[in-house]
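Please treat every number below as a calculation from the coordinates, not as lab data. Not measured: the values here are computed from a predicted model. Don't worry about glycine lacking a Cβ; one is built from the backbone with ideal geometry, like all the others, and counts go over all protein chains shown.
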Amino acid sequence: MNGEIEKILAFLGDEPVLYAATEGFDKRPNVHPAELCCVSEGALLFTAAKCDAFYGELSLHPLVKLCAYDRESGVVLNISGKAVFTEDKAVISKCIGACRSVREAWGHDPGMVIAWFLKDAACEFVNMKDGTREVFELGTPENMLTGIRMKKDRELRDRLAAIMAERESAEVTAESEEELFTQKLYDGAVMYFAETAKELWPRMDIRPIERSALFETYDERERFVALAKKLIGNTAVDKPEDLTHWLNRETLESRMREN
């Protein structure tokens, strides 16, 4: 564990609760308590219930700022970054085991819990009494799943748009449960790349895949997007050939067999 993480844990003490500022569904600011469950692979791990507004807000607007205040010392802790979700059962189990409040609320139904950590995190200690501050980067945990790093390139954007258009115009027929699963996995992968691209090109139209994907519910969509993310892992996409490789049913099936 690095010194910065240790300093954060020492500051938070036995009740590691911070307050998270998010953008609500009504576009107004919201604040939610966020209890630090544990640390793994250099990442501060938090949880959210899938039925809670906090999870929905972070999903739509993942940039978040966390704050804690020690009245006695007059020091404020601010941590900011991008929330990254993981449905890794081992990570969620570790969070539930380490956090009594989460265990009491959802220990009977861990499938309702999702874990999250911060990507590109920055930390700031501010002493309100004398105005001094200490700033440092926490960065991104190397061994945690953070997903696609897509180059902001017009050729990549146009290739992904073409893939979504092809998917919408295709007549998909699944004659078995296995074929249906593979198709939903493919749709989850396309959706995952589309959501990533939307962050680079906010005006990009990703409705073709949203209209054509075979998901029956939003929860099913989230499940297959999470599975695609796990199979693709931390990967760089710098050229159209990378899209051709990953948005391929044979590639995804191969990764499934490996995992």
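Can you give the longest run of the chain that contains no trypsin sites (Lys or Arg not before Pro) sitting in a DSSP loop with at most 11 other Cβ atoms inside 10 Å?
Here the longest run is 72-128.
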Set the bar at 22 Å for Cα to Cα. Now go through Lys7/Lys89; Lys82/Lys198; Lys151/Lys198; Lys89/Lys152; Lys119/Lys230 and name every pair that lies beyond it. Lys7/Lys89; Lys89/Lys152
Residue-averaged 222 nm ellipticity for the chain, from DSSP H runs of 4+ at -39500 (n - 2.57), nearest 500: -13500 deg cm²/dmol
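With r defined as the distance between the Cβ atoms of Thr244 and Glu216 and R0 fixed at 25 Å, what FRET efficiency is calculated, to the nearest 0.05?
Details: r = 28 Å, r/R0 = 1.13.
In this case the efficiency is close to 0.30.
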The range 204-259: GluC sites (Glu not before Pro) in DSSP loop, at most 14 other beta carbons within 10 Å: Glu216
For the residues Met204, Met144, what sequence is obtained by ranking on other C-beta atoms within 10 Å, fewest first? Met204, Met144
Ser59 and Arg257 label points (each 7 Å along its Cα→Cβ direction) are spaced in nm at 3.3 nm
Which one, Asp242, Asp158, Asp26, has the greatest fluctuation when you compute a Gaussian network model over the chain with C-alpha springs under 10 angstrom? Asp26
Sorted from largest to smallest, which semi-axis lengths in Å does the alpha carbon gyration tensor of the chain give for its equivalent ellipsoid, taking the root of 5 times each eigenvalue? 36, 20, 17
Run the reach check for Lys65 against aspartates and glutamates, Cα to Cα strictly under 16 Å, same-chain hits fewer than 8 apart removed. What comes back? Glu23, Glu35, Glu57, Asp120, Glu124, Glu137
